[in-house]
1. Starting with the fewest neighbours, write out 103, 162, 79 ranked by other beta-carbon atoms found within 10 Å of each beta-carbon.
2. Using the 10 angstrom Cβ neighbour count as an exposure proxy, how do 93, 159 rank, fewest first?
3. How large, in Å, is the range 32-136 by the Kirkwood hydrodynamic radius built from its alpha-carbon pairs?
4. Could you check the simple spin-label distance between residue 110 and residue 93, using points 7 Å along Cα→Cβ, in nm with one decimal?
5. Could you compute how fast the range 103-162 diffuses translationally, taking Rh as the Kirkwood radius over C-alpha pairs and applying Stokes-Einstein at 25 °C with viscosity 0.890 mPa s? Give it in µm² per second.
6. What distance in nm lies between label points placed 7 Å from Cα along the C-beta direction at residue 139 and residue 155?
7. Taking 0.36 nm per intervening residue step and subtracting the Cα-Cα distance, what contour gain separates residue 148 from residue 63 on full extension?
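Here, each number is a calculation from the coordinates, and none is a lab measurement. This structure is a prediction, so every number in the text was calculated from the model and none was measured. Here the Cβ is made from the backbone with ideal geometry for all residues, glycine too, and neighbour counts use every protein chain on show.
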Ligand SMILES: [Zn+2]
């Protein structure tokens, strides 16, 4: 089995001769969002604080489509430290409030995908998507009935883990 883990092979013989003052080992030099956070890559930055940044998605589904990300490189938002997760969603709220008064959307869709279904960037991010009645955003869920027997079993199983 190939068990290289997270060890990076050195590409181009780069050395750490000019690291920024941020010596935080939780950033990833190969990650676009880490580079945006560090100011090394441009972005349409809407907001930043010590723990989070928010910037316009470069391929927006709708005007105002924003990504909110933790500054530290984390792949699993839902497994992050509680305070870090809270900081991300606090920024979601902050930016949504500003987008609300700027664009006057009919509402918002807020979502995060984790695990292998994530798209091109593995740095955890939350999509904040202003919604308009006539937009073409397609977030469809194939709904079905909740089966009472299964619900009881699932509630029992999940509550044991809480
Ligand atoms: Zn990253």
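1. Numbers: 103 13, 162 4, 79 10.
Ranking 103, 162, 79 by Cβ neighbours within 10 Å, fewest first, gives 162, 79, 103.
2. Starting with the residue having the fewest Cβ neighbours, the order is 159, 93.
3. 13.9 Å
4. Label-label distance for residue 110 and residue 93, simple model: 0.8 nm.
5. Numbers: Rh = 15.2 Å.
Result for D is 162 µm²/s.
6. Reported label-point gap for residue 139 and residue 155 is 2.7 nm.
7. Details: separation 85, 0.36 × 85 = 30.60 nm, distance 4.11 nm.
Going from the current span to full extension adds 26.5 nm.
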